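Peer 1: Here it is, the structure, as structure tokens.
The values are calculated or read from the model by the stated rules, or taken from the named source; none is laboratory data. Worth saying up front: this structure is predicted, and the values here are computed from it rather than measured. Virtual Cβ from ideal backbone geometry, glycine too; neighbours counted across all protein chains shown.
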There are 2 protein chains.
Amino acid sequence: MTAGKCVGILAGAGPLPAQVAAAVTAQGKKVFIIAFRDYADLSLIQSYPHQVIRLAAVGEILKTLRENQCQELVLIGPVSRPAWRDLRPDGEGARILARLGRAIFAGDDGLLGAILRVLGEEGFVVRGAHEYLNHATGRSGALGRFSPDEQAKQDILRGVDVLRAMAQLDIGQACVVQSGLVLAVEAMEGTDAMLGRCGKLMQAGSGGVLIKIPKKGQDLRADMPTIGPETVENAARNGLRGVVFQPGVTLITDLERCVALADRYNLFLYGLTTEDLKEK
Amino acid sequence: MTAGKCVGILAGAGPLPAQVAAAVTAQGKKVFIIAFRDYADLSLIQSYPHQVIRLAAVGEILKTLRENQCQELVLIGPVSRPAWRDLRPDGEGARILARLGRAIFAGDDGLLGAILRVLGEEGFVVRGAHEYLNHATGRSGALGRFSPDEQAKQDILRGVDVLRAMAQLDIGQACVVQSGLVLAVEAMEGTDAMLGRCGKLMQAGSGGVLIKIPKKGQDLRADMPTIGPETVENAARNGLRGVVFQPGVTLITDLERCVALADRYNLFLYGLTTEDLKEK
């Protein structure tokens, strides 16, 4: 195995970093994980070469990646947008924060785009996790026992419309629609918090539908819509009757369990078709 | 005083129904209040002729309004969107719900528009509360000691843009912007619930700004943006530094106290100018 074939994983929370590490290893490549302190789940990644580093210790992170001959990088697993005053960047970190400059405040896309740009300038090649986990990005149509009915299909199209309009403004990736009514729109709170308030907002009649799609032009290498078993459970708990994603550009952690849970809770788990996504 | 000069007030929660009653009385007109059970604040309206009636007892409401020669109506004070299964409409109520039909599920504007249409068909003339409370709709510019700085002015314009895009989709009337970042967007949860999650979402640096404006074409007779002392307190509690409204089409309950609270909490209370609202 030659130097430069090592893939560096910058690991936030959840099961995906370990899944990427497994997929990379299965391709015969070496892997090295930078586990972000307070975010990464060490119990899942401990069997891979790794080092735990503070998010803001940018100098140490770059040095560790170079020492381990990582040229290719994958950023994966959620890291809550940090409070900058708590970051305490190291020397290199401070220089990089200065290079990020106003992008830090320019909306999600602005910030993530700037981070990718800086990593590129530092000589790294950043890949999307879905390039390794393409078996985990779902497919079009109903994945489980249940399918959207006519009303749900209308709600799905309304949700797609809403998210398209929001995307123009660099806001959120998800919304909940029930019988034509937009119950909730996600901004900075994240999908789980948005679902959490839907139980109270739900109207009588059939339940609401979660629609989650990436923004047009969103850089999937830095920020990819993700759903998992807890998304399905959270949706069921709050009176939803379906979870809708865009295949190919959504990471589904534990697809099998997602389908099993959707079936158990009478929810549909539905991948948007090209037809659903056609501009009307 | 002649019959037909009596103004009927359909009273939801809060101080505004009593304020409208006082304003109507000051104009030498008679007033009769239908106080919605579980919503109207009886302590504030008990000195006016009134009757407490269930929201869904539509037949009784219409009969009472006619018996009291109310031809002109004002709908004022929040009533949470009811769970229809809990309504238990009376006979007339059921007939009217049937006339509202699918509008019940067609988004806020659809429902409220349908209610106004039905009241019109029943021979009533519905007026906006702001036609009586025009002293309480604010004015352009800073109302208290504090004014928006350059960053806040940019956040205000971004908020106006966001709300314009949302309005096309019949969603919400408010959002919170901090240094260019859209922290939260209001859908069905209401402004107070949206403010309530902003404390956790707030980034370092100067605080966020609440922007609240009616949708273009929104029927102010049925649904008017309202801010009050609790809005200002809620904003302060959640790390905001300003509250922005559109003068003339926003009801401000207790303007004086709003200004005093904004001054105390170092918040600006700012009425949008024609310039701010110009399409860019």
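Peer 1: Tell me, which residue of the stretch B:159-201 that is among the acidic types (D, E) and more than 10 Å from A:A187 (Cβ to Cβ) is farthest from the other protein chains (Cβ to nearest Cβ)?
Peer 2: B:D192
Peer 1: Does the stretch A:68-80 contain at least one residue that is modelled with pLDDT of 85 or more, among the small types (G, A, S) and not assigned by TED's automatic domain parsing to the domain that holds A:L255? Explain how you work it out, then say what you get.
Peer 2: If we filter the stretch A:68-80 for residues that are modelled with pLDDT of 85 or more, which is where we start, we get A:68-77.
Checking the rest, the ones that are also among the small types (G, A, S) come to A:77.
Next, only the ones that are not assigned by TED's automatic domain parsing to the domain that holds A:L255 stay: A:77.
Yes, that holds for at least one residue.
Peer 1: Only one of A:G217, A:G239 is out of contact with any Gly (no Cβ under 8 Å at 6 or more places or on another chain) and on the phi > 0 side of the Ramachandran plot. Can you tell me which?
Peer 2: None of the other options fit; the residue is A:G217.
Peer 1: Within the stretch B:159-177, which residues are in a helix (DSSP H, G or I) and crowded, with 23+ Cβ neighbours inside 10 Å?
Peer 2: B:G159, B:V162, B:L163, B:M166
Peer 1: Another one. Would you say A:Q218 is crowded, with 18+ Cβ neighbours inside 10 Å, of a type outside the set (S, T, Y), farther than 21 Å from A:C258 by Cα and more than 10 Å from chain B (Cβ to nearest Cβ)? Talk me through it step by step, then tell me what you get.
Peer 2: On the way: crowded, with 18+ Cβ neighbours inside 10 Å: yes; of a type outside the set (S, T, Y): yes; farther than 21 Å from A:C258 by Cα: yes; more than 10 Å from chain B (Cβ to nearest Cβ): yes.
In short, yes.
This table checks each residue for (1) of a type in the set (D, E); (2) in the same structural domain as B:P89 (by TED's automatic domain parsing); (3) under 17 Å from B:L251 (Cβ atoms).
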{"residue": "B:L10", "(1), (2), (3)": "no, yes, yes"}
{"residue": "B:P17", "(1), (2), (3)": "no, yes, yes"}
{"residue": "B:V20", "(1), (2), (3)": "no, yes, yes"}
{"residue": "B:A23", "(1), (2), (3)": "no, yes, yes"}
{"residue": "B:G28", "(1), (2), (3)": "no, yes, no"}
{"residue": "B:V31", "(1), (2), (3)": "no, yes, no"}
{"residue": "B:D38", "(1), (2), (3)": "yes, yes, no"}
{"residue": "B:D41", "(1), (2), (3)": "yes, yes, yes"}
{"residue": "B:Q46", "(1), (2), (3)": "no, yes, no"}
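Peer 1: Every residue in the stretch A:131-158 that is within 21 Å of A:V259 (Cα to Cα), within 14 Å of chain B (Cβ to nearest Cβ) and either among the polar types (S, T, N, Q) or assigned to a loop (DSSP other than H, G, I, E, B) (or both), please.
Peer 2: Matches in the stretch A:131-158: none.
Peer 1: Which residues, taken from the stretch A:34-68, are in a loop (DSSP other than H, G, I, E, B), of a type in the set (S, T, N, Q) and surrounded by 15 or more Cβ atoms within 10 Å (Cβ to Cβ)?
Peer 2: Keep residues of the stretch A:34-68 that are in a loop (DSSP other than H, G, I, E, B), which gives A:37-41, A:46-49, A:54-57, A:68.
So of that shortlist, the ones also of a type in the set (S, T, N, Q) come out as A:46-47, A:68.
Answer for the stretch A:34-68, where residues must be in a loop (DSSP other than H, G, I, E, B), of a type in the set (S, T, N, Q) and surrounded by 15 or more Cβ atoms within 10 Å (Cβ to Cβ): just A:N68.
Peer 1: Find the residue count for the stretch B:178-190, including only residues that are of a type in the set (A, V, I, L, M, F, W, C) and in a loop (DSSP other than H, G, I, E, B). First the steps, then the outcome.
Peer 2: Taking the stretch B:178-190 as the starting set, the residues that turn out to be of a type in the set (A, V, I, L, M, F, W, C) are B:181-185, B:187-188.
Next, only the ones that are in a loop (DSSP other than H, G, I, E, B) stay: B:187-188.
Final tally of qualifying residues: 2.
Peer 1: Please verify whether B:G123 is assigned to a loop (DSSP other than H, G, I, E, B) and not assigned by TED's automatic domain parsing to the domain that holds B:M202, treating the condition exactly as stated. Write out each step before concluding.
Peer 2: On the way: assigned to a loop (DSSP other than H, G, I, E, B): yes; not assigned by TED's automatic domain parsing to the domain that holds B:M202: yes.
Considered against the rule, which asks whether it is assigned to a loop (DSSP other than H, G, I, E, B) and not assigned by TED's automatic domain parsing to the domain that holds B:M202, B:G123 comes out as yes.
Peer 1: Looking at the stretch B:179-203, I want the residues that are assigned by TED's automatic domain parsing to the domain that holds B:G239 and have a partner that is of a type in the set (S, T, Y) and part of a loop (DSSP other than H, G, I, E, B) with Cβ atoms under 7 Å, at least 6 apart or on another chain. Which pairs are those?
Peer 2: Close Cβ pairs satisfying both conditions: B:S179/B:S206; B:Q203/B:S179.
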